[in-house]
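Step one of this worksheet: look at the structure below.
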Amino acid sequence: MASSAPSKTMLWGGRFTGGLDPLMVAYNESIYYDRAFYAQDIAGSIAYARANTKLGILTEDEFQAICKGFEQVKEEWASGQFEIKSGIDEDIHTANERRLGEIIGTGIAGKLHTGRSRNDQVATDIRMWLREELRKIEAFLVDFLKVIAARADKEIDAVMPGYTHLQKAQPIRWSHWMLSYGQQFALDLQRLREVIKRVNRCPLGCGALAGNPFGIDREAVAKELGFEDLIYNSMQGVADRDFALETMQWGSMLMNHMSRWAEDLIIYSSGEFGFVRLADAYSTGSSLMPQKKNPDSLELLRGKAGRAFGQMAGLTMTIKGIPSTYNKDLQESVEPLLDHVKTVGDSIQIATGVISTLDISRDKMRAALTPDMLATDLADYLVRKGVPFRETHHISGRVVALAEKSGTPMDKLSFEQLQGIDARFEPDIVESFDYEKSVEMRSAIGGTSRSAVEQQIAVMKQMLEGQ
Ligand code: ARG
């Protein structure tokens, strides 16, 4: 290196000292974030060493020394004692091997990496770490959905306005609203279980790119490390960050659902709506306005959706143009992934906290229902009397117009006024001006009647069980 470094007399030579530019050292090193994989890196090395022992590359004693040495390294990381040597410990792989060498001697530690490359090593570490994180996220998501199911069951009697275009549309059950998102999140759960399968495949033994020259038993290594399957092409094994990208695509979709869910609740918690009231644990006050109670938790969920998506979009751009197999660009997959996974995991837990502690106001929900929201029910009433829907739609529209013009709520119009619009209205029309009846009429699968909502709860519970 020294000979090729620019000399001090050169115009641009000032920053170069004969080694790497100090900024380049910092720019290149990943140890300050890939240390997150220390335990996976050690587990991978031990499985790899065991396989190499079977091949006679390591003796049984050497293997035991490696295991014992790594026990200490792991303990140092776990207790915060591990001393990172800045400028030497470039990444978690070099750091662990350097420390192992100090403990058991470089004579043995130096054999560990036989046939292996950091290229298959790092892909293995990230996959192992990620599958554990995704399993935690799976459990968080199951908890979230259980809370939604329990609330939907308990508060099935609460009726509120349903909206399209954020305009009052038709009465729905509050539970029906909760389950609308519950269904989306339950599908996220199904997708997640698929993603985990593809993450959990083992690239160890792919070497730098071309494979392992000593006939390592990759299946045994994968089995020891808890992988479900192998990566079957060594070049793909070191090139592939699709498992990270797919995770973030998955997380972006989940956060999209989260963001819309949060937005609904922000609206419902506003003074103008007042359908829900957030627990103090998930709101904050204003430093200036004493009366304020702000839904910060929900705003952060909405905001962090943008961040999660950004990490996914960033990695897509990082990967899109790089040539075959390993390139250092791939190191740039780690930080977005760490951040994304933390954001998604935390967000689901916060959402669970919010939904399990908020209070609803049945009164405010009911007070927001207006008779015009029953205009469709009026049209449906005449359909049941044999009038074609296109016609009933117009008739009901005229009722709405009369109510507006006369300043009388639709349900307070006299029977004579209704008959004046269409003679086919009969005295039983009064029964249509009933929000309960309106929701109960929608009893086909997926509707907002009690039985249809109960069925949705049952379906969601089955999805949790993996059915
Ligand atoms: N720290 C590197 C990464 O995260 C490890 C692989 C380095 N491999 C190499 N050939 N330089 O991608």
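Values in this text are rule-based calculations from the coordinates and carry no lab data. Every value quoted in this text rests on a predicted model; they were computed, and no experiment measured them. Note: ideal-geometry Cβ built from the backbone for every residue, glycine included; neighbour counts use all protein chains shown.
Values as computed for the structure displayed
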item: Backbone HN-Hα couplings from phi across segment 234-240 [Karplus 6.51/-1.76/1.60, Hz, Gly and Pro as x]; result: 5, 5, 4, x, 8, 8, 7
item: Gyration tensor verdict on segment 191-295 (Cα atoms; rounded if a/c is under 1.5, prolate if a/b is larger than b/c, oblate otherwise); result: prolate
item: Sorted by Cβ neighbour density within 10 Å, fewest at the top, the residues L358, L245; result: L245, L358
item: Cβ charges +1 (Lys, Arg) and -1 (Asp, Glu), total dipole of the chain, debye; result: 460 debye
item: Members of K197/K304; K223/K342; K197/K320; K85/K197 lying beyond 32 Å, as alpha-carbon distances in this model show; result: K85/K197
item: Per-bin percent of Cα-Cα distances, segment 73-201 [5 Å]; result: 2, 8, 12, 12, 11, 9, 8, 8, 7, 6, 6, 6, 4, 2, 1, 0
item: For the chain: rounded, prolate or oblate by the Cα gyration tensor [a/c cutoff 1.5]; result: prolate
item: Long-range amide H partners of V159 with built H, under 5 Å; result: W174
item: Per-residue ³J(HN,Hα) for segment 200-214, Karplus 6.51 cos²θ - 1.76 cosθ + 1.60, θ = phi - 60°, Hz, x for Gly and Pro; result: 7, 10, 9, x, 5, x, 7, x, 5, 6, 9, x, 9, x, 9
item: In sequence order, calculated HN-Hα J values of segment 256-263 (Karplus, 6.51, -1.76, 1.60; Hz; x Gly/Pro); result: 4, 4, 4, 5, 5, 4, 4, 4
item: Residues with amide H under 5 Å from that of V276, placed H, sequence gap 5 or more; result: S269, S361
item: Loop GluC sites (Glu not before Pro), segment 31-109, which have at most 15 other Cβ atoms in a 10 Å radius of their Cβ (DSSP); result: E83
